[in-house]
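Read-outs: derived from the displayed coordinates by stated rules, not from any lab. Everything numeric here is computed off the predicted structure, so don't read it as measured data. Reconstructed Cβ throughout: ideal geometry from the backbone, glycine too, with neighbour counts over all protein chains shown.
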Amino acid sequence: MLNKTEQTQVISLIKKTRELIYREMRAARVTIKGAADYVTNVDFAVQDFMKRELELRFPDIRMIAEEKENKDLYSNARYWILDPIDGTTNLIHHYGLSAVSLALYEQGEITFGAVYNPFHEEFFYAAKGQGAYLNDRQIFVDENVKFSDAVVSYGSSPYDKSRAKKLFPLYYRIFMKAADFRRTGSAALDLCYVACGRQHAYFEQDLKPWDYAAGSLILTEAGGAARGWDGGKLPFLTNADIAASTKTLAEPLMDMLCEK
Ligand code: IPD
Ligand code: CA
């Protein structure tokens, strides 16, 4: 576990990426990684900066990150899990919903998570057992909402369109039972938005560890539930299908996701 001083150090490091992101965006260069999958100079600049600065302060902790090869991972080790930019498509189109997402994985669980959207000046963070915060104000899920009044956000698995045929009928079934749908384009922010009560549920298939590690701790520390579509614990070192919601909506959401 990071102590308070270390948490403060890491938080101020992440906040420093704001200037870097704005500077790199002035001459943004986009590279196509795969179908609907992009990376920019901004992603690489943030990753290089975070890796260098964290290595200086925490030389014993290795990093797992989106824009690098992640080999030989051991469940009993400690890792930083970083998405330098979650919501890269949003960043390319100046949508304002992108975030730096950093988690600390220790022996099977996430003990610290931070999600920072520099475009809205919103800093979400949580440490295990210490609650979740948005810009230093403690946040909680909104438990007073039933499914028919819920704002539900979904991820469309844009990189694997072969899933769409099954997913869109599922979206339809859930949409008909909820108040409305959202699609933010950032899994990390989706989890934080459930944590602070802007949304009440969120689901997506096949997320990478860096998409969900930090946000899922922020959500559970805010009183919510984050688990796999099979109801199991999240793995954190491998991809997962995520079902996230308030505690009240966890069962109804799970039933809908498993409905054939
Ligand atoms: C993506 C975003 C998006 C989600 C994708 C993620 P990226 O992350 O979180 O909302 O639908 O599954 O991969 O590529 O922008 O870091
Ligand atoms: Ca990313």
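Take the alpha carbon gyration tensor of the stretch 23-139, find the square roots of its eigenvalues, order them as a ≥ b ≥ c, and report rounded if a/c is under 1.5; if not, report prolate when a/b exceeds b/c, else oblate.
Oblate shape, in that a/c is at least 1.5 and b/c is the bigger or equal ratio.
Only Lys, Arg, Asp and Glu count, each charged at its Cβ (+1, +1, -1, -1), so figure out the dipole size of the chain about its Cα centre, rounded to 20 debye.
With Lys and Arg at +1 and Asp and Glu at -1, about 300 debye.
Just for the Cα atoms in the chain, what are the lengths along the principal axes, largest first, rounded to whole Å?
For the chain, the Cα extents along the three principal axes come out at 49, 39, 36 Å.
Compute the distance in nm between two label points, each set 7 Å from the Cα along the Cα-to-Cβ direction, one at ASN239 and one at TYR159.
Label-label distance for ASN239 and TYR159, simple model: 0.7 nm.
Taking DSSP loops as anything outside H, G, I, E and B, show the longest stretch in the chain free of GluC sites (Glu not before Pro) there with at most 10 other beta carbons within 10 Å.
For GluC sites (Glu not before Pro) (loop position, at most 10 other Cβ atoms within 10 Å), the longest site-free span of the chain is 122-258.
Among TRP229, TRP210, what is the fewest-to-most ranking by other Cβ atoms within 10 Å?
TRP229, TRP210
Rounded if a/c is under 1.5, else prolate if a/b is larger than b/c, else oblate: which is the stretch 93-245, with a ≥ b ≥ c the root eigenvalues of its Cα gyration tensor?
rounded
Say each of GLU121 and ASN144 gets a label point 7 Å from the Cα, pointing the same way as Cα to Cβ; how far apart are those two points in nm?
Taking the two extended label points, one gets 2.9 nm.
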